[in-house]
Amino acid sequence: DNIPFMPMQKDELITLIKKRQASTFDPTNEGGHGSTRYISWKDQSEGSYLDLPCIRSNRYEPYLALRYCSELPPFQEGFSGYGKNKMTWAMQLRRSGYQFSQLGEAFLVHYPHLDSQSRLEWNKKPKELQKVDSTLVGDVLESKEGSNIDLLSYKRARVDSLFLDYKDWLRENVTDSARVPMCENALNDDVRLWVHRDTADESQDSESKDNDDDENDVYEVNEELAKDKDAGNE
């Protein structure tokens, strides 16, 4: 029923944001799309490119358009179903030297849908983690309370373990030719993992709590997008 109301032009999209009927994607996942410069995109001219200065999270998984060539990294087939499939590809693209640029006037609309069976499996948690903040999962798992959890019986833990294997593979087999660095205040994504190893990436030491980059704060971004261009001149 809502398909006729989906925006086809940028002005229509901005109007929906002003009415709080649309939002940048995804307010619940800052790392997933937080590197995109939404406020700058609002004023980009059609067809123009704006290079991203840095990436704020290994969980960055933007919607991408690329020219196919034989050197284009393949998706890692081990990440089937829900969980880390898009972000691991983006990680390899960045390390392989791809430039991340956003295109003026271009946008996609993510339409809400029911969770897939794979997502439902991903969402399952032991009772010890039901109400635990994702950044504190490691503390619980290292405690006496979490020591008896059969982690690998849960899809999320299995995917996290595979992800650590993937990071080792990426580090050992793909030369670091990145042209887009990680931001100085990049989020520490490893604190959200259910599985940890001593070899976990040490490039991010702590969860960034003091991020003053207004371009990337999801809620402030939506407020800025909702402002009229000439509001400051009134």
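Based solely on C-alpha atoms, express the radius of gyration and the Dmax of the stretch 1-125 in angstrom.
16.1, 45
How much accessible surface does residue 37 have with a 1.4 Å probe, in Å² rounded to 10?
Result for residue 37: roughly 40 Å² accessible.
Once you sort the root eigenvalues of the Cα gyration tensor of the stretch 112-178 as a ≥ b ≥ c, which label holds: rounded (a/c under 1.5), prolate (a/b larger than b/c) or oblate (the other case)? Kindly include the intermediate steps, with their values, before the conclusion.
On the way: a/c = 2.29, a/b = 1.38, b/c = 1.66.
Since a/c reaches 1.5 but b/c is at least a/b, the shape of the stretch 112-178 is classed as oblate.
Between 36, 175, 88, which gets the highest mean-square fluctuation from a Gaussian network model of the chain, Cα cutoff 10 Å?
It is 175.
Once neighbouring chains are kept in place and the probe is 1.4 Å, which whole percent of the accessible area of the stretch 1-62 is contributed by carbon and sulfur? Can you show the working numbers first?
On the way: 1810 of 3560 Å².
Within the stretch 1-62, the accessible surface is 51 percent carbon and sulfur.
Of the listed values [x] 16.3, 51; [y] 19.3, 62; [z] 18.2, 56, grab the one calculated as Rg and Dmax of the Cα atoms in Å from the structure here.
[y]
Select from 196, 113, 33 the residue whose mean-square fluctuation is largest in a Gaussian network model of the chain (Cα-Cα springs shorter than 10 Å).
Of 196, 113, 33, the Gaussian network model singles out 113 as fluctuating most.
With every protein chain in place, what's the accessible area of residue 55 (1.4 Å probe, Å², nearest 10)?
In the full protein context, residue 55 sits at about 10 Å².
Rounded to the nearest 500, what is the chain's calculated 222 nm mean residue ellipticity when only DSSP H runs of at least 4 contribute -39500 (n - 2.57) each, over all residues? Write out the running numbers ahead of the final one.
Working: 8 runs with 69 residues, N = 234.
Using -39500 (n - 2.57) per qualifying helix, the result is -8000 deg cm²/dmol.
Using the crude model of +1 on Lys and Arg Cβ and -1 on Asp and Glu Cβ, and no other charge, please compute the dipole size for the stretch 67-128 relative to its Cα centre, in debye to 20. Don't jump to the answer; show the numbers that get you there.
Values: 9 positive and 6 negative charges, 43 e Å.
I would put it at about 200 debye.
Normalized C-alpha radius of gyration of the stretch 94-146, against 2.2 N^0.38 Å?
Details: Rg = 18.6 Å, N = 53, 2.2 N^0.38 = 9.9 Å.
Compared with the compact-globule rule of thumb, the stretch 94-146 sits at 1.87.
GNM on the chain, C-alpha springs below 10 Å: top fluctuator among 116, 70, 57?
70
For residue 55, enumerate residues with amide H under 5 Å from its amide H, sequence gap 5+ or separate chain, H modeled in the peptide plane.
182, 183
At what distance in angstrom do the alpha carbon centres of the stretch 40-102 and the stretch 153-182 lie from each other?
The two parts, judged by their Cα centres, are 15 Å apart.
Specify the angular offset, from 0 to 90 degrees and rounded to the nearest 10, of the alpha carbon long axis of helix 155-173 from the longest principal axis of the alpha carbons in the chain.
Long axis of 155-173 versus the principal axis of the chain: about 80 degrees.
Using the heavy atoms of the protein chains alone and a 1.4 angstrom probe, what is the accessible area of the chain per residue in square angstrom?
Working: 14740 Å² over 234 residues.
Solvent-accessible surface per residue comes out at 63 Å².
Could you tell me which of 93, 153, 118 has its Cα farthest along the dipole of the stretch 57-166 towards the positive end, charges placed at Cβ (Lys, Arg +1; Asp, Glu -1), taken about the Cα centre?
118
The values are calculated or read from the model by the stated rules, or taken from the named source; none is laboratory data. This structure is a prediction, so every number in the text was calculated from the model and none was measured. All Cβ positions, glycine included, derive from the backbone under ideal geometry; neighbour counts span all protein chains shown. When the accessible area is computed, the model is the full protein with side chains, heavy atoms only, and any ligands, DNA or RNA have been set aside. Shrake-Rupley method; radii C 1.70, N 1.55, O 1.52, S 1.80 Å.
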